[in-house]
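Student: Here it is: the structure, laid out below.
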Amino acid sequence: MDWTTVASLGTAAGTLVLAVATFAAVRSANLAARTAERTLQAGLRPLLLPSRQDDGDQKVYFAGGQYLVVPGGRAIVTEQSDAILLTISLRNAGSGLAVLHGWRFYRHDIRGEMRPAPADFTGQTRDLYVPGSDTGFWQGAFRDPADPAYEAARQAIKERDVLTIDLLYGDFEGGQRMITRFILRPGRDDVLVSSAIRHWSVDRDDPRPAR
């Protein structure tokens, strides 16, 4: 018996067993790390919806001292002092703080499947936050009568059109960006009924199956 060959084979077998054990341990550690990361992200993830109709009124101040009082589950779009003021009462159904980044306005009921590009949103001039599992609000304004959107909003108010607002937001670290589309339907006076009809993820894969 060639003991040198036997020793070499034994060493090789031991190395192979050690390599397999190391691979399994590294794979298990990576899986645990990914699971922990997903758990952390879920704890930071916001999801905005209209607030409930039994949530309290919120007083929303605008530049120039103007303000609107928006009831729960409602939105207001109104013209005051040469400005179109818009606000939506919100509830964060996620567990993480929602930081609002921007908004888009559409006249009429928009139901397209394509996700809007974040670069096409109007940035917020005021930092707006909605705590996890709590209420808050969004606000925007058109102040330039020469802006085509100003006149579109003005005509929408006059004709009591259905309106669409897209909101871009993310977690407090600037990640996990989401876009939620809200439909605003005319109600009493300037108050509109708000509903969320679509959510898009910007930084994660779309969970919906490809069509």
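The values are calculated or read from the model by the stated rules, or taken from the named source; none is laboratory data. Just so we're clear, the structure is a prediction, and the values are computed from it rather than from any experiment. Using ideal geometry, Cβ is built from the backbone for each residue, glycine included, and neighbour counts are taken over all protein chains shown.
Student: Can you tell me how many residues within region 111-135 are in contact (Cβ under 8 Å) with a residue 12 or more places away in the chain, of a type outside the set (Ser, Thr, Tyr) and over 15 Å from His199 (Cβ atoms)?
Tutor: Matching residues across region 111-135 total 10.
Student: Given the condition modelled with pLDDT under 85, loosely packed, with under 14 Cβ neighbours inside 10 Å and on the phi > 0 side of the Ramachandran plot, answer yes or no: does some residue in region 35-42 qualify? Walk me through how you get there before you give the answer.
Tutor: Just the residues of region 35-42 that are modelled with pLDDT under 85, to begin with: 35-42.
Then drop every residue that is not loosely packed, with under 14 Cβ neighbours inside 10 Å, which leaves 35-40, 42.
Adding the requirement that they be on the phi > 0 side of the Ramachandran plot leaves none.
No.
Student: Moving on to the next point. Looking at region 133-140, is at least one residue within 21 Å of Gly73 (Cα to Cα) and part of a loop (DSSP other than H, G, I, E, B)? Break it down stepwise before answering.
Tutor: Applying the first criterion (within 21 Å of Gly73 (Cα to Cα)) to region 133-140 yields 133-140.
Those left that are additionally part of a loop (DSSP other than H, G, I, E, B): 133-134.
Yes - at least one qualifying residue is present in region 133-140.
Student: Let me ask something else. Before we move on, is Gln139 within 18 Å of the chain's Cα centre (by Cα), free of Cβ contacts under 8 Å to residues at least 40 places away in the same chain and surrounded by 17 or more Cβ atoms within 10 Å (Cβ to Cβ)?
Tutor: Values: within 18 Å of the chain's Cα centre (by Cα): yes; free of Cβ contacts under 8 Å to residues at least 40 places away in the same chain: no; surrounded by 17 or more Cβ atoms within 10 Å (Cβ to Cβ): yes.
Against the criterion (within 18 Å of the chain's Cα centre (by Cα), free of Cβ contacts under 8 Å to residues at least 40 places away in the same chain and surrounded by 17 or more Cβ atoms within 10 Å (Cβ to Cβ)), Gln139 does not qualify.
Student: Also, quick follow-up: Scan (1) in contact with a Ser or Thr (Cβ under 8 Å, 6 or more places away or on another chain); (2) surrounded by fewer than 17 Cβ atoms within 10 Å (Cβ to Cβ); (3) modelled with pLDDT of 90 or more for the single condition Gly64 breaks and write down its number.
Tutor: (3)
Student: Which residues, counting only those in region 79-104, are at pLDDT below 95 and of a type in the set (Val, Ile, Thr)?
Tutor: Listed by number, the list is empty, since nothing qualifies.
Student: Yes or no: Arg115 within 23 Å of Glu151 (Cβ to Cβ), among the basic types (Lys, Arg) and either in the same structural domain as Val162 (by TED's automatic domain parsing) or modelled with pLDDT of 95 or more (or both)? Even if it seems obvious, please write down each step before you answer.
Tutor: Values: within 23 Å of Glu151 (Cβ to Cβ): no; among the basic types (Lys, Arg): yes; either in the same structural domain as Val162 (by TED's automatic domain parsing) or modelled with pLDDT of 95 or more (or both): yes.
When the stated conditions are applied, Arg115 does not pass them.
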